[in-house]
Amino acid sequence: MSSLRGKILTTYAFSKAVLLVFAGAVFADLYYLQTQIKDGEAAHAFREASQEIRREEKNLFLYHEMGNLDHLLLQLDTAEASLKSGKSAFTGIASSRELNHVTKLLKQYRSQLQQYSLESSDTRADKELAIRNTGRELSDLAQEFSGRERAALAQAVRTASWTLVAVFLTVLVLGVGSALFLVRQVARPLRELENQLDGLTEGHNQQLTLPSKDHEIQSFVHHFNTMLYRLRAQQNELRRHEKAAALGVLVSGVAHELNNPLSNISTSVQLLMEDDGSDNPELHKQWLSHIDGESERARRIVRRLLDSVRQPKLHLQAHNVNELIQGSLALVNRQLPKTVEVRVTSAPTCALWADRERINQVFINLIKNAADAGATHIDVIAAVTNWMSSMPANTDHLVGEITSVSQADHVLNVRIEDDGPGIASEHLAQIFNPFFTTHSAGDGTGLGLYLVEEIISEHHGCIAVENRAEGGTRFTLWLPLPHAQEAA
């Protein structure tokens with residue numbers, strides 16, 4: 001498995017290797033220049049020796065002293081030694097024919113000098129011209145060789161300069177490439193993690209995904225998501241405790257709700273008991289009807305309360321999603337006014353692992369709430385999707401088992417939309433709290449949406465509420481589908 005540490009060490013080792021190559025290139029360049037300089041010194045020594053030969057030759061012919069001849073022969077030895085020691089240098093600036101010709105001229109010059117020493121002063125004048133011509137040719141060749149060597153040295157300097165520039169540019173490019181590699185392999189995953197953390201803060205993400213296969217990042221993401229999962233589990237547990245505490249605190253509200261119908265029943269009974277026996281069956285019927293209605297109201301309050309505190313065992317089975325929704329509509333249609341139209345826009349035929357009765361209760365409660373709020377058109381839209389493509393932009397009013405939904409490969413996404421008056425913004429945060437209701441006293445218990453959220457959480461799903469821009473309310477729920485199949 002790759003790691004950030006390995007990538008950083010590899011890049012560091014690569015940069016050191018590049019520096020070593022650069023140092024080697026510089027050393028080779030300097031060594032090349034040093035070789036050229038030595039070759040130039042050999043050519044310069046040969047040229048100096050040829051110039052000394054010409055000076056001694058001039059002195060010899062001017063003063064006719066044999067001591068000058070000895071000096072001339074010594075300079076000739078020096079020239080031959082320079083040519084021999086700098087053979088590799090001269091090979092680079094002269095052809096073998098030219099070198100052979102120089103060697104021949106040196107031998108010829110020495111032979112002419114030796115013959116010159118044997119001649120009498122009367123006959124030396126004829127030899128001087130030949131010696132001068134040979135010396136001049138040697139001097140010209142030495143000058144030519146020196147010029148070529150200077151040109152070769154200048155070219156070597158230019159070559160070395162351009163080589164250094166090329167090596168420097170190569171090192172620069174490799175350095176930039178190493179930096180880009182580090183940015184791509186190290187900085188970019190860290191920046192993606194930073195963006196994901198910002199998304200978590202803003203509520204757009206529910207967990208971190210892996211932006212890299214590096215061991216350190218995978219370990220960080222795993223431990224962070226584990227911590228996040230445990231934190232959310234603790235928050236959910238705390239929320240359940242808070243709800244239980246809210247149930248205890250709001251028992252007084254239940255008592256008040258029960259006290260109203262009981263008081264009305266008591267009043268009606270007292271009126272019946274105090275009746276003086278007057279024969280008024282219509283009045284008696286009215287009082288008895290009032291008693292029956294208030295008794296039913298009290299029974300409904302108690303039943304809702306029991307449903308909210310019980311934890312019934314779920315009977316999970318695979319159910320066709322479309323059949324679940326249609327079955328719920330068949331049950332709720334009998335309880336809706338004729339002016340309310342419920343439309344199922346789309347419903348997949350995949351299987352959902354659920355408790356049919358509990359899920360039916362979810363759809364019935366949501367549809368009845370919309371109708372009770374004054375909606376005339378209610379749309380039910382269901383689809384198989386994934387969490388990332390369907391998660392809400394605003395998660396302020398999202399409740400339930402969000403982590404379970406976000407980790408599922410496929411989820412059932414159901415939207416129930418209505419054209420009612422909507423929900424006041426200050427009430428959205430309390431809409432799933434037990435006993436919270438916007439209805440007038442006696443018209444609702446405030447437990448319907450609380451039970452909806454509890455049932456969705458029991459199925460490891462989540463639910464969100466929001467007001468639609470075009471008016472009305474939208475409830476969106478997500479239920480995980482571990483083995484979801486796309487609807488045909």
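The values are calculated or read from the model by the stated rules, or taken from the named source; none is laboratory data. Everything numeric here is computed off the predicted structure, so don't read it as measured data. Please note: Cβ atoms are built from the backbone with ideal geometry, for glycine as well, and neighbour counts cover all protein chains shown. All accessible areas refer to the heavy atoms of the entire protein, side chains included, with ligands and DNA or RNA removed. Shrake-Rupley method; radii C 1.70, N 1.55, O 1.52, S 1.80 Å.
Structure summary
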read-out: Where segment 10-153 is the region considered: accessible area per residue in Å², 1.4 Å probe; value: 59 Å²
read-out: Using alpha-carbon coordinates, inclination of helix 188-202 to the longest axis of the chain, degrees; value: 20 degrees
read-out: Kirkwood Rh (inverse of mean 1/r, distinct Cα pairs), segment 317-472, angstrom; value: 16.1 Å
read-out: Positive dipole terminus of the chain, leading residue within F14, I378, Q234 (C-beta point charges); value: F14
read-out: For segment 223-236, 3J(HN,Hα) per residue [Karplus equation, 6.51 cos²θ - 1.76 cosθ + 1.60, θ = phi - 60°, Hz, x = Gly/Pro]; value: 5, 5, 5, 4, 4, 5, 4, 5, 5, 5, 4, 5, 5, 5
read-out: Charge dipole (debye, nearest 20) of the chain; +1 at Cβ of Lys and Arg, -1 at Cβ of Asp and Glu; value: 2100 debye
read-out: Whole-percent carbon and sulfur share, accessible surface of the chain, 1.4 Å; value: 56 percent
read-out: Mean residue ellipticity (222 nm) of the chain, computed from DSSP H runs ≥ 4 via -39,500 (n - 2.57), nearest 500; value: -23000 deg cm²/dmol
read-out: Size descriptor, Kirkwood hydrodynamic radius, that averages inverse alpha-carbon separations across the chain, Å; value: 32.9 Å
read-out: Cα-based reach from K84 at 17 Å (exclusive), listing lysines while leaving out same-chain residues under 8 positions away; value: K38, K104, K107
read-out: Within the chain, longest stretch clear of exposed trypsin sites (Lys or Arg not before Pro) (DSSP loop, no more than 11 other Cβ within 10 Å); value: 1-212
read-out: Distant-in-sequence amide H partners of V344 (H built 1.01 Å from N, under 5 Å); value: V380
